[in-house]
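Structure first, commentary second.
The values are calculated or read from the model by the stated rules, or taken from the named source; none is laboratory data. Everything numeric here is computed off the predicted structure, so don't read it as measured data. Because the Cβ atoms are built from the backbone with ideal geometry, glycine has one as well, and the counts that use them run over all protein chains shown.
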Amino acid sequence: MSYYCPNCKMVIETEKCPSCGTWRTRDPENGDLCLAVTLDYVNATIFADLLKQNGIPFMTQSGGIKGCGLTMSPRMFYVTYDRLEEARAVAEEFSDAPEEDEEEHPSGPDDPEAFDDADLYRLQDMSRDELTKYRKKLKETLRELNEREEKIRDAIDEIDYLLELEE
Ligand SMILES: [Zn+2]
C-alpha cells in the first residue's frame, strides 16, 4: 500500500509521512508530481538527458547553493505518479553503470585534466560509451572540486574562529 504526501511530493509506504510527519496523506493519483530521485549536479545533467530520451516528462528543483560559478547543489527530479516506476528504473540502470575503475591510472589517456566543459553542451550527440567515459571524467573532476570545497570551508571556519577570538 502506497500513500502520497502532498507536502513533500513523495510516495511513501506509511500513512504518516516520515519526512514531514503529517497524517494528511492520501492515495497517489496518476497526475501527482512525485519525487523520483535526488542527484548531484553532474549526474543530474546526464539523468535529465536519459529521461528525455525515454520520453518521460519531469521537473527539477535545486537547493540553489552557488560556489565558484558552478551550481553544485543536488537536483531533485519530480515526475508524475504514472511515470514514477519508469523514472526510477532509468535511475537504477543509470546508477549501475560502471565507473570506479579509473583510480589505477590517473595520468593515462583518460586523464581527468582532459575534462572539457564544452562537452556539457553536446551530451545529446554522445554515444552511450562516450557518455559513460565522460561521466567518469566529470565524477573525478567533481571529487577534486569537493575536496577543494572542503578545504575552503575549513579555512572559512578557521577564520571565523580567529575573528571571534579578536572580538
Ligand atoms: Zn510529507
Restricting region 107-164 to residues that are of a type in the set (Ser, Thr, Tyr), surrounded by fewer than 10 Cβ atoms within 10 Å (Cβ to Cβ) and under 16 Å from Asp49 (Cβ atoms), the residue that is modelled with the lowest pLDDT: Tyr121
Lone unmet requirement of (1) under 13 Å from the mean Cα position of the chain (by Cα); (2) in a helix (DSSP H, G or I) for Lys52: (1)
Selection count, region 19-59, where residues are more than 18 Å from Arg88 (Cβ to Cβ) and free of Cβ contacts under 8 Å to residues at least 40 places away in the same chain: 8
Those residues of region 66-106 which are modelled with pLDDT under 95, aliphatic (A, V, I, L, M) and out of contact with any helix residue (DSSP H, G or I) (no Cβ under 8 Å at 6 or more places or on another chain), in sequence order: Met76, Ala89
Of residues in region 17-49 being more than 9 Å from the ligand (Cβ to nearest atom) and assigned to a loop (DSSP other than H, G, I, E, B), the one modelled with the lowest pLDDT: Asp40
